[in-house]
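**Q** The structure under discussion is supplied below as structure tokens; questions concerning it will follow.
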Amino acid sequence: VSGLDTPTFNKFRDLVYEKSGISLGPQKAALVSARIGKRMRTLGMDDYNVYLNFVSGDKTGEELVQLLDAISTNVTSFFRESGHFDFLAEALKKWRAEGQSRYRLWCAAASSGEEPYSLAMTMTEALGSGCDIKILATDISTKVLGLCQKGVYAPDKVKTVPPQWRDRYFEREGARQAPQYVVRPNLRRLLLFKRLNLSKPPFPMKGPLDVVFCRNVMIYFDNEVRSRLLSEIYRLLKPGGYLMVGHAESLTGMVSKFKSVQPSVYVK
Ligand SMILES: C[S@@+](CC[C@H](N)C(=O)[O-])C[C@H]1O[C@@H](n2cnc3c(N)ncnc32)[C@H](O)[C@@H]1O
């Protein structure tokens, strides 16, 4: 596979923006060229335009997911930016003390599941028994959603889960030399998995939601897509509900009705 020329890069850029809201600036050309080239080699293709026609013409949308997975990153981890989970636990305890027993959370870019399962553990621990808890886990990528659903993690992935929680919420399976940690049904049953494209509101959920985690995905969007997304999250949250964004994604300079609580935590 040879290099990607500018006109062809621009066609990929337009397709990706139209389908996912992800903005690829010219500085991404080399990276995109390499990542798409890798995907093309897997398919046995050596012409970017042939591949472009293939993705554009794929009615199932599966190749588009492959393309988006190739150019975006799915990096995540259990209890990433852990301050958000401490903040959440305190908010939940307060709402519980006020008598609330029904909780609806949305994990908007769930990737391979580490974030929604961290939410599920935090909620179970903070709320105890007797509550009606549902966490909606969405992503644009059917590939990572499949991993979410499977809920099987290698030992190095569960390192950031407190050991007593790991034993409570994961089953250790497989050979002693190569164990796998499988999410137990008591945790998994709190989650609902759906494919959802954040760049295409309105979304079909019925609010009101208590908390939305929308972390480390807005970095890929331009301000137009971000603003639309933020208004939709605002609409779906209950008054007093929280939005968590990634630590590198302040809403400063964005037109939005959210009030800042602390860096990367917002309230409706
Ligand atoms: C870097 S991961 C962040 C995962 C997790 N929220 C975290 O902070 O650890 C970004 C995720 O956003 C997803 N994504 C990218 N564009 C999207 C879109 N338009 N709609 C929904 N999800 C999208 C990707 O598939 C990927 O799984």
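The values are calculated or read from the model by the stated rules, or taken from the named source; none is laboratory data. Values in this document were obtained by computation on a predicted structure and should not be read as measured data. Cβ sites come from the backbone with ideal geometry, for glycine too, and all protein chains shown count toward neighbours. In case anyone asks, the SASA skips ligands and DNA or RNA and just uses the protein heavy atoms, side chains included. Shrake-Rupley method; radii C 1.70, N 1.55, O 1.52, S 1.80 Å.
**Q** Given (1) part of a loop (DSSP other than H, G, I, E, B); (2) closer than 18 Å to Q180 by Cα; (3) among the hydrophobic types (A, V, I, L, M, F, W, C), where does L147 come up short, assuming only one miss?
**A** (1)
**Q** May I ask you to say which residue of D14, D47 is farther than 30 Å from G151 by Cβ, open to solvent by 70 Å² or more (accessible area, probe 1.4 Å) and either out of contact with any Pro (no Cβ under 7 Å at 6 or more places or on another chain) or of a type outside the set (G, A, S) (or both)?
**A** Selected residue: D14, the only one of D14, D47 that is farther than 30 Å from G151 by Cβ, open to solvent by 70 Å² or more (accessible area, probe 1.4 Å) and either out of contact with any Pro (no Cβ under 7 Å at 6 or more places or on another chain) or of a type outside the set (G, A, S) (or both).
**Q** Just to be sure I understand, how many residues within the range 83-110 are in contact with a Ser or Thr (Cβ under 8 Å, 6 or more places away or on another chain) and closer than 18 Å to Y266 by Cα?
**A** 9
For (1) of a type in the set (D, E); (2) under 21 Å from N197 (Cβ atoms); (3) assigned to a helix (DSSP H, G or I); (4) more than 16 Å from the ligand (Cβ to nearest atom), each residue gets a yes or a no:
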position: T8; (1), (2), (3), (4): no, no, yes, yes
position: R13; (1), (2), (3), (4): no, yes, yes, no
position: V16; (1), (2), (3), (4): no, yes, yes, no
position: L24; (1), (2), (3), (4): no, yes, no, no
position: A29; (1), (2), (3), (4): no, no, yes, yes
position: A34; (1), (2), (3), (4): no, no, yes, yes
position: R39; (1), (2), (3), (4): no, yes, yes, no
position: D46; (1), (2), (3), (4): yes, no, no, yes
position: Y51; (1), (2), (3), (4): no, no, yes, yes
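**Q** Contact list please: Cβ distance under 9 Å, first residue in the range 70-82 and hydrophobic (A, V, I, L, M, F, W, C), second residue assigned to a loop (DSSP other than H, G, I, E, B) and more than 6 Å from the ligand (Cβ to nearest atom), pairs at least six apart or on different chains.
**A** What qualifies is I71/L24; F78/K157; F78/V161; F79/V161; F79/P162.
**Q** Go through the range 153-163 and give me each residue that's crowded, with 18+ Cβ neighbours inside 10 Å and part of a helix (DSSP H, G or I).
**A** Of everything in the range 153-163, just one residue is crowded, with 18+ Cβ neighbours inside 10 Å and part of a helix (DSSP H, G or I), namely V158.
**Q** For K93, are the conditions met, namely being open to solvent by 50 Å² or more (accessible area, probe 1.4 Å), out of contact with any strand residue (DSSP E or B) (no Cβ under 8 Å at 6 or more places or on another chain) and more than 10 Å from the ligand (Cβ to nearest atom)?
**A** Yes: the conditions hold for K93.
**Q** Now for a different question. Any idea which residue in the range 72-90 is nearest to L31 (Cα to Cα), counting only those that are of a type outside the set (F, W, Y), out of contact with any strand residue (DSSP E or B) (no Cβ under 7 Å at 6 or more places or on another chain) and assigned to a helix (DSSP H, G or I)?
**A** Selected residue: G83.
**Q** How many residues, within the range 200-218, are among the β-branched types (V, I, T) and either in contact with a Gly (Cβ under 7 Å, 6 or more places away or on another chain) or near the ligand (Cβ under 8 Å from one of its atoms) (or both)?
**A** 2
**Q** What are the residues in the range 101-152 that are open to solvent by 10 Å² or more (accessible area, probe 1.4 Å), without any contact (Cβ under 8 Å) to a residue 60 or more places away in the chain and within 16 Å of F170 (Cα to Cα), if any?
**A** Residues satisfying the conditions are S112, E125, L147, Q149, K150, V152.
**Q** Scan R80, R166 and give me the residue that is within 21 Å of the chain's Cα centre (by Cα), of a type outside the set (S, T, Y) and surrounded by 15 or more Cβ atoms within 10 Å (Cβ to Cβ).
**A** Exactly one of R80, R166 is within 21 Å of the chain's Cα centre (by Cα), of a type outside the set (S, T, Y) and surrounded by 15 or more Cβ atoms within 10 Å (Cβ to Cβ), namely R80.
**Q** Among (1) modelled with pLDDT under 95; (2) under 30 Å from I71 (Cβ atoms), where does A110 come up short?
**A** With respect to (1) modelled with pLDDT under 95; (2) under 30 Å from I71 (Cβ atoms), A110 is out only on (1).
**Q** Then there's this: Using beta carbons and a limit of 6 Å, which pairs, at least six apart or on different chains, have the first residue in the range 164-178 and closer than 11 Å to M121 by Cα and assigned to a helix (DSSP H, G or I) and the second one open to solvent by less than 90 Å² (accessible area, probe 1.4 Å) and among the β-branched types (V, I, T)?
**A** These pairs meet every condition: R166/V158.
**Q** Note down all Cβ pairs under 7 Å where the first residue falls in the range 50-67 and is within 16 Å of D139 (Cα to Cα), the second is open to solvent by 90 Å² or more (accessible area, probe 1.4 Å) and of a type in the set (D, E, K, R), and they're at least six residues apart or on different chains.
**A** V65/K143
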